[in-house]
1. Would you check which residues across the range 122-151 are open to solvent by 30 Å² or more (accessible area, probe 1.4 Å) and in contact with a helix residue (DSSP H, G or I) (Cβ under 6 Å, 6 or more places away or on another chain) and list them?
2. So residue 98 ticks every box in (1) open to solvent by 40 Å² or more (accessible area, probe 1.4 Å); (2) among the polar types (S, T, N, Q); (3) under 19 Å from residue 55 (Cα atoms) but one. Which box is left unticked?
3. Quick one: would you say residue 23 is crowded, with 22+ Cβ neighbours inside 10 Å, under 13 Å from residue 99 (Cα atoms) and touching a Leu at 6+ places or on another chain (Cβ under 8 Å)?
4. Of the residues that sit in the range 18-50 and are among the hydroxyl-bearing types (Ser, Thr, Tyr) and part of a helix (DSSP H, G or I), which one is nearest to residue 6 (Cα to Cα)?
5. Within the range 56-82, track down each residue that is closer than 19 Å to residue 29 by Cβ and open to solvent by 20 Å² or more (accessible area, probe 1.4 Å).
6. Select from the range 31-45 the residues that are open to solvent by 10 Å² or more (accessible area, probe 1.4 Å) and not polar (S, T, N, Q) and list them in ascending order.
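The values are calculated or read from the model by the stated rules, or taken from the named source; none is laboratory data. Nothing here was measured: the structure is a model prediction, and the numbers come from that model. We place every Cβ from the backbone using ideal geometry, glycine too, and count neighbours over all the protein chains shown. The area values use the complete protein model at the heavy-atom level, side chains included, leaving out ligands, DNA and RNA. Shrake-Rupley method; radii C 1.70, N 1.55, O 1.52, S 1.80 Å.
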Amino acid sequence: MNLPPLPDEAVVLGAHAADWRGAVREAGRALTRSGATRSDYADRMIAVIEEFGAYVVIAPGLALAHARPGRDVLHEGLAVVTLAEPVAFGHPHNDPVNVVLGLAVANAEEHVASVANLANVFNDAGAVDRLARARDAGEVRALLGTDGGAA
């Protein structure tokens, strides 16, 4: 199983966010634009971080925002947001974050498979920096090894 498709609508480069909530909202809007989620999914991603903390900051500079499957997930989706200025999520070692991935899954199996595939991408220590410097959606897709799919 590969990563979910990453249409142009799900890629935001050089976004401006005042804080981690704004960064997660950007990822949520990208997931909604791509057709993967309804707009309230961003609120659920934020609620997960408020409840469980900054565990979503999975590597230096990288956050994987997500929430459990729910009615607001229309189909599996991935979003990539790079930030013009990094923001702190409150992680003791991996802050500040300059790349936020948004992940939406329809079931637990998709969640496990997608997280495992993303972990493989980020085994390369330079992957976050290359994503942060990406200039277009095609470059992001190439770095992640996914396709554009249908929006």
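1. The answer is 130, 143, 151.
2. Tallying (1) open to solvent by 40 Å² or more (accessible area, probe 1.4 Å); (2) among the polar types (S, T, N, Q); (3) under 19 Å from residue 55 (Cα atoms), residue 98 fails exactly one: (1).
3. Against the criterion (crowded, with 22+ Cβ neighbours inside 10 Å, under 13 Å from residue 99 (Cα atoms) and touching a Leu at 6+ places or on another chain (Cβ under 8 Å)), residue 23 qualifies.
4. 32
5. 66, 70, 71, 74, 75, 76
6. If the condition is that a residue be open to solvent by 10 Å² or more (accessible area, probe 1.4 Å) and not polar (S, T, N, Q), then 33, 35, 38, 40, 43, 44 are the ones that fit.
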